[in-house]
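> Quick one: structure below, then a few questions.
The values are calculated or read from the model by the stated rules, or taken from the named source; none is laboratory data. This one's a predicted model, so the numbers in the text were calculated from it and none came from an experiment. Here the Cβ positions follow ideal geometry from the backbone for every residue, glycine too, while neighbour counts run over all protein chains shown. When the accessible area is computed, the model is the full protein with side chains, heavy atoms only, and any ligands, DNA or RNA have been set aside. Shrake-Rupley method; radii C 1.70, N 1.55, O 1.52, S 1.80 Å.
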Amino acid sequence: MDTMLKQKPALTAALTVCVLGAALTGCGGGEPTDGATGATASATAASGTLCGAALTETARDSLRGLVGTDSYRTLGSDDGPQEVADALVADATAGGTSTEDHELCLAYDASDDSSSGTSVAYGLVDAEPENPASVFTRYRLGSATALARAMNAVVFLKCSSGLFKDGDGKEHLIQGELVNRSTSLEDTEETRRENLTVLHAASLAVARALGCADTAGLPAAFTVTRQDA
């Protein structure tokens, strides 16, 4: 079932369910699958990457805070950004939008099972939501639109790339979403910025793998501006 945020009611209503697919977010209570990346679990807390996406020390600290431990494991491939990029190109070729989310990575407590943790996934969508639900706080990541709360954060990337069949001339809209499966996180400015810090690093890796012009509007170093109504 396609529950990506291109379905505007899922974002414009006050959400009581997770926004991405249940297989990704664990909303249905089942165990996660390896997904599109052919993922394998590995201990990478000290590697400085999130399944191939480079993390700064700040981003690593943010991920540790979200997962709740220094000893986290990841479920995903070291080629995750490229595999996500390839899947998005295939989606564009097949019809222009994604019928399912493409998981980059899941980070979870090594002392626990992988039904908890923090995951990141991507898909092609038609448009940004016109009226996001009030539970989200709006931000700008460079020129990219971002929405965040404790449970999840979303970024919309406008990507023009020669890898797409229509070449560099057309922008494709990529939706990236970070989901926290833990319900213990408080919706604070600190938590929202931790979400966006990790999502920025992952999205930058995907944009570079796609060869997006101007890295899809993302700044090279994390910086975010809150857009209060």
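> How many nm separate the modelled label positions at Arg64 and Ala213, each set 7 Å beyond the Cα in the direction of the Cβ?
Label-label distance for Arg64 and Ala213, simple model: 4.1 nm.
> Please list, in order, the residues from region 98-112 whose amide nitrogen is less than 18 Å from a point placed 7 Å along the Cα→Cβ vector of Ser71.
107-112
> May I pose another question? Can you compute 3J(HN,Hα) from phi for each residue in region 118-133, using the Karplus curve 6.51 cos²θ - 1.76 cosθ + 1.60 with θ = phi - 60°, rounded to whole Hz and x for Gly and Pro?
Residue by residue, region 118-133 yields 10, 10, 9, 8, 9, x, 8, 10, 7, 7, 6, x, 6, 9, x, 4 Hz.
> Here's another thing I want to ask about it. With +1 assigned to the C-beta of every Lys and Arg and -1 to the C-beta of every Asp and Glu, and no other charges, what is the dipole magnitude of region 40-183 about the Cα centre in debye, to the nearest 20?
Charge dipole, region 40-183, about its Cα centre: 440 debye, nearest 20.
> Using only protein heavy atoms and a 1.4 Å probe, report how much of Asp79 is accessible, in Å² to the nearest 10.
Its accessible surface works out to 100 Å², give or take rounding.
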